[in-house]
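**Student:** Sharing a structure here in structure tokens format.
Since every read-out is calculated from the coordinates, none of them should be taken as a lab result. Keep in mind that this is a model prediction, so the values were computed, not measured. Using ideal geometry, Cβ is built from the backbone for each residue, glycine included, and neighbour counts are taken over all protein chains shown.
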Amino acid sequence: MAPGKEELMTVTTAVTRRLGLDVPIIQAPMVGAASVEMVIAASNAGALGSFGAAYTQPDALREMIREIRAGTERPFGVNLFVPAPSAVTEAEVAKANAALAPIRAELGLPTPNALPAPAPTFADQAAVVIAERVPVFSYHFGTPEPGIVAEAKAAGLTLIGSATSAADARTLVDAGADMVIAQSTEAGGHQGTFDAWAEPPGLGLMALVPQIVDAVAVPVIAAGGIMDGRGIAACLALGAGAAQLGTAFLASPESVASDSHKRRILDGDGAETRFTRAFSGRPARGLANRFMDDIERAESILAFPYQNALTGDIRRAAAAQDQPEFQSMWAGQGVAMARALPTAELVVELNEELERKLGEIAT
Ligand SMILES: Cc1cc2nc3c(=O)[nH]c(=O)nc-3n(C[C@H](O)[C@H](O)[C@H](O)COP(=O)(O)O)c2cc1C
């Protein structure tokens with residue numbers, strides 16, 4: 001049991017009731033940062049731990065789900081990226097590689113002969129999530145095809161889709177989502193905007209959450225720039241049933257973000273975050289660095305997920321060489337408020353802050 005958990009009051013919302021949580025807090029799924037250990041710690045502390053499995057092969061995903069189950073009897077989530085048709089030509093790959101060549105040279109990397117295989121097939125990943133009866137299946141970038149939604153529902157999974165606009169929220173619910181994440185522009189990582197080529201709508205949390213609450217009849221989860229109990233209380237006041245926090249957990253010991261990423265998170269006072277397509281081909285918010293500037297200037301970014309596949313060797317080598325200028329260091333606008341607490345302690349502290357803030361507001 002997490003430290004201090006028994007002393008906590010419980011805020012009960014439509015989200016905590018439906019998901020069986022003690023606190024209205026979701027540890028965001030984060031590819032490349034949220035580990036199995038983080039998910040277990042968050043869930044055991046009464047929040048919803050979530051594993052970002054978008055780039056995980058189905059067999060490895062099955063193992064990870066079983067490891068999470070071995071570590072917690074509490075609910076947890078697995079998150080996948082819904083695919084959209086995209087293609088690249090050899091000429092585009094050559095141009096993208098030419099832009100990446102000076103960076104590869106600095107890192108001592110060869111230019112790859114072929115485009116590495118992009119992400120594993122969504123249908124195969126989803127089949128594992130459904131077969132393993134993961135309690136919460138969340139998805140980013142759209143809605144899965146109806147057959148997958150029907151199978152997941154028949155297996156008793158709770159489905160949560162990610163929306164950056166009220167229109168996307170309605171689409172998700174019409175397609176079967178049981179809850180919707182209202183992901184605002186402050187959020188770290190990829191914007192869940194459906195159309196990969198569109199610019200994200202850019203709505204702040206304060207404007208987005210109530211619009212989505214008004215647009216759909218299912219519970220709403222707020223995400224984007226939420227770093228402490230004050231922020232979670234604000235989300236509840238706006239009508240959300242829980243807050244999903246990513247950047248807040250990035251510097252925890254359970255986070256598998258690179259050491260240089262964690263350092264920049266914690267030095268983050270005044271750190272600039274911005275959107276870029278340079279790493280993956282889709283807009284994602286991260287700490288500004290040279291890679292973003294150089295690759296955006298070259299105008300040779302491939303479609304998602306091909307750019308992500310092509311830049312994988314660079315991001316891995318930069319992390320291994322402790323070189324922050326060439327890594328995707330995703331972070332939200334609240335980064336300067338990040339703390340390096342263990343995941344379970346952070347959940348407890350966030351909930352205590354929430355309770356205190358709600359008490360202050362009530363008096
Ligand atoms: C390092 C990192 C990786 C992320 N990876 C995913 C992901 O795999 N799937 C997803 O739905 N969201 C992902 N997100 C976005 C989060 O779900 C959430 O929207 C965001 O973290 C909220 O904003 P915050 O970081 O300011 O708390 C990621 C965010 C970060 C910071």
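**Student:** Which values of log₁₀ I(q)/I(0), to two decimal places, follow from the Debye formula for the stretch 1-103 at q = 0.22 Å⁻¹ with a uniform point scatterer at every Cα?
**Tutor:** -1.12
**Student:** Rounded to the nearest 20 debye, what is the charge dipole size of the stretch 199-358 about its Cα centre when +1 sits on each Lys and Arg Cβ and -1 on each Asp and Glu Cβ?
**Tutor:** Details: 15 positive and 20 negative charges, 41 e Å.
I would put it at about 200 debye.
**Student:** Let me ask you something else. Subtracting the Cα-Cα distance from 0.36 nm times the residue separation, let me have the gained length for Arg263 to Ile361 in nm, one decimal.
**Tutor:** Working: separation 98, 0.36 × 98 = 35.28 nm, distance 3.48 nm.
Roughly 31.8 nm would be gained on extension.
**Student:** Then there is this: Tell me the angle of helix 122-131 to the major Cα principal axis of the chain, expressed in degrees between 0 and 90 and rounded to the nearest ten.
**Tutor:** With rounding to tens, the tilt is 30 degrees.
**Student:** Pairing the Cα long axis of helix 58-71 with the longest principal axis of the chain, what angle in degrees results, from 0 to 90 and rounded to the nearest 10?
**Tutor:** 30
**Student:** Would you order Ile130, Ile26, Ile148 from fewest to most other beta-carbon atoms within 10 Å of each residue's own beta-carbon? Let's see the in-between values first.
**Tutor:** Working: Ile130 18, Ile26 27, Ile148 22.
In increasing order of surrounding Cβ atoms, one gets Ile130, Ile148, Ile26.
**Student:** Can you compute the charge dipole magnitude of the chain about its Cα centre, using +1 on each Lys and Arg Cβ and -1 on each Asp and Glu Cβ, nothing else charged? Give it in debye, rounded to the nearest 20.
**Tutor:** On the way: 27 positive and 41 negative charges, 44 e Å.
In total the dipole reaches around 220 debye.
**Student:** Let me ask another. Any idea what the dipole of the stretch 18-99 comes to, in debye rounded to 20, about its Cα centre with Lys/Arg Cβ at +1 and Asp/Glu Cβ at -1?
**Tutor:** On the way: 6 positive and 8 negative charges, 41 e Å.
That gives a dipole near 200 debye.
**Student:** How long are the semi-axes of the equivalent ellipsoid of the stretch 196-271, defined as square roots of 5 times the Cα gyration tensor eigenvalues? Whole Å, largest first.
**Tutor:** On the way: eigenvalues 145, 49, 27 Å².
Sorted largest first and rounded, they come to 27, 16, 12 Å.
**Student:** Another one. Would you work out the Kirkwood radius for the chain? I mean one over the mean of 1/r across all pairs of different Cα atoms, in Å. Please list the in-between numbers first.
**Tutor:** Values: mean 1/r = 0.0489 Å⁻¹.
One over the average 1/r among Cα pairs gives 20.5 Å for the chain.
**Student:** List the GluC sites (Glu not before Pro) in the stretch 54-109 that DSSP assigns to loop (not H, G, I, E or B) and whose Cβ has at most 16 other Cβ atoms within 10 Å. Which are they? Numbers along the way, then the final one.
**Tutor:** On the way: sites: Glu63, Glu67, Glu73, Glu90, Glu92, Glu106; in loops: Glu73.
Here the sparse-neighbourhood loop sites are Glu73.
**Student:** Through the Karplus equation 6.51 cos²θ - 1.76 cosθ + 1.60, θ set to phi - 60°, convert the phi angles of the stretch 286-296 into ³J(HN,Hα) values in whole Hz; use x for Gly and Pro.
**Tutor:** x, 5, 5, 8, 5, 4, 4, 4, 5, 6, 5
**Student:** Dipole of the stretch 142-245 (Lys/Arg Cβ +1, Asp/Glu Cβ -1, origin at the Cα centre): which of Pro210, Ala169, His190 lies farthest to the positive side?
**Tutor:** Working it through, the farthest residue towards the positive pole turns out to be Pro210.
**Student:** A further question on this structure: Just tell me which aspartates and glutamates come within less than 16 Å, Cα to Cα, of Lys95; anything on the same chain fewer than 8 places away is out.
**Tutor:** Straight-line reach from Lys95, under 16 Å: Asp294, Glu296, Glu299.
**Student:** Could you tell me how many degrees, from 0 to 90 and to the nearest 10, lie between the Cα long axis of helix 205-215 and the main elongation axis, the longest principal axis, of the Cα atoms of the chain?
**Tutor:** 70
**Student:** Next question. So what's the Cα pair-distance distribution over the stretch 292-362, bin width 10 Å, in %?
**Tutor:** The distribution over the stretch 292-362 is 15, 29, 24, 17, 13, 1, given as percents.
**Student:** Which of Phe304, Val347, Gly359 sits closest to the plus end of the dipole of the stretch 287-363, meaning its Cα is farthest towards the positive end, when Lys and Arg get +1 and Asp and Glu get -1 on the C-beta?
**Tutor:** It is Phe304.
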